[in-house]
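Reading through the structure tokens given below for one structure.
The values are calculated or read from the model by the stated rules, or taken from the named source; none is laboratory data. In this text the structure is predicted, and so the values were computed from the model without any measurement. Heads up, the Cβs are rebuilt from the backbone with ideal geometry, glycines too, and the neighbour counts pull from every protein chain shown. Side chains are part of the model used for accessible areas, which takes the heavy atoms of the whole protein and leaves out ligands, DNA and RNA. Shrake-Rupley method; radii C 1.70, N 1.55, O 1.52, S 1.80 Å.
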Amino acid sequence: MTRFRQASDRLVDADTAVRRAEADRLAGVAAMIDSYPAPTPMVDSPAAEKVVSAGAEGAGAVGEFVALEVGALLHLSEPAAWSLVHDVANLRARHPHLWAAVADLRVEAWQARKVALAAQDLSAEAARWVDKKLESVWGVVPWPRIRRRLAGLIVRADADLARRKAEIARRDRFVSIRHLGDGTSAIAGLIDTGAALQLQAEIARITTRMRKAGAQEPLPILAARALEEIATPTIDDDTTGTPPLPMADVVVHIAAEALDTAATDGTQVARVLARGGDVGPVLIDQLAHLLGHHRIRVLPVTDLAGDPSVDAYEIPDRIRRQLIIREDGSVFPFSTSRSRTADLDHTIPYRRSTPGSPAPPGQTRISNLGLLSRKEHRAKTAGIWNLSQPEPGVYEWTNRTGRRWQVTRGRTVRIPESRIPGLSATPGKQGRARPNERIDLVYSQAVVI
């Protein structure tokens with residue numbers, strides 16, 4: 001029994017340490033908000049930093065690039081960092097009792113953030129009313145019961161808001177398809193209930209037919225098969241005409257050494273970029289199943305080992321395509337922005353011709369370009385973040401406090417402070433990413449037509 005008591009004590013101590021660390025993390029974000037320098041017009045352009053709301057009503061204001069700082073320090077993307085900043089600002093200003101409960105370790109940080117998010121559309125007064133109503137439950141009532149009570153309190157706090165949100169929910173129908181990269185895709189949506197009932201009935205009809213035909217799979221699997229059948233009917237209907245084939249780009253990754261043989265290697269990978277989104281990487285031998293009903297036109301091979309350049313600010317399609325294939329996403333630390341929605345930025349700003357001083361040749365080249373989201377691009381242009389590209393595909397970032405990060409092929413590592421002039425060494429085993437630690441690939445791009 002003594003060993004069991006020791007194990008239970010250890011578990012309680014570990015839980016306390018986690019709660020304390022998470023509370024300290026939120027407090028650290030609050031300190032970042034309070035100490036973040038007021039935006040100053042470092043550049044006279046639309047890239048200049050603006051003051052924005054730190055959260056919902058009553059949560060104060062902060063410079064809009066604070067999330068880039070928080071994200072780099074916590075290994076978060078900019079949207080995830082903004083979500084954290086908003087939640088902390090809202091908790092402090094609009095839920096003071098809950099904020100105190102987090103500091104006292106009576107409630108976990110993730111629960112507090114869910115409350116702040118659920119109440120973010122309320123006025124500051126209504127949010128504080130909800131906070132007061134929940135004051136007595138923290139640490140003594142299980143989270144599922146609190147969550148149910150929270151939903152009711154939010155409706156009571158602003159009935160008109162609840163009615164408007166219900167109307168918006170009915171009006172703003174959507175369907176979202178997210179490709180998981182393993183040959184399956186996740187579907188989420190909000191549709192009219194009448195249509196949903198009809199869809200449900202059709203799925204039930206098809207699954208019943210499958211059962212009568214001898215199908216033994218569980219009902220959820222049969223329902224998925226039924227939906228697939230609805231989406232890809234095998235019976236031609238002459239009354240509806242022939243539907244257009246979906247369009248897709250297929251980027252086929254082939255190792256350079258494989259080009260010397262005629263053998264087909266099942267481990268070769270293709271990345272399918274469909275009109276509906278990035279399907280993700282699939283094995284070459286899966287393409288027939290995925291795209292067997294398409295016609296494919298092969299485009300010229302793109303060799304990523306080269307460094308093509310042009311003597312113009314505008315970026316031609318061949319260079320744009322090569323950079324997008326190489327990077328696949330933003331080169332900002334821990335960014336999750338995808339390459340096909342990012343800006344193409346000159347690492348060393350482009351210098352235009354002036355009277356008596358022609359523009360240097362070859363400024364627009366692969367080794368002087370990187371992909372950034374619009375906000376990341378603006379922060380660099382504004383001088384809040386500095387960027388260098390010592391080697392093609394190796395991006396080194398420095399923030400205003402002198403901390404540095406290196407991004408190579410989607411990998412972000414902190415550059416130890418012992419290598420930063422003027423800063424003391426910080427113990428740790430983080431090191432510089434080795435840019436040569438990769439497989440040199442040749443890419444063949446095919447477009448489905």
*T364's amide H: which non-local residues (gap 5+, or another chain) put their own amide H closer than 5 Å, with H modeled 1.01 Å from N in plane and none for Pro or chain starts?*
V310, A312
*Based only on Cα atoms, what Rg/Rh ratio does segment 37-108 have, Rh being taken as Kirkwood's radius?*
1.06
*Carbon and sulfur atoms: what percent of the 1.4 Å accessible area of segment 314-368 do they account for?*
52 percent
*asked:* For the ranges 170-181, 108-119, 383-394, 1-12, what's the packing order if you count other beta-carbon atoms within 10 Å of each residue, average per peptide, and put the highest first?
replied: 108-119, 383-394, 170-181, 1-12
*Go through I230, I203 and list them by solvent-accessible area, largest first, probe radius 1.4 Å.*
I230, I203
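Suppose all protein chains stay in the model; what accessible area per residue would a 1.4 Å probe give for segment 1-158, in Å²?
Averaged over the residues of segment 1-158, the accessible area is 53 Å².
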*What does the accessible area of R352 come to, in Å² to the nearest 10, when a probe of 1.4 Å is used?*
140 Å²
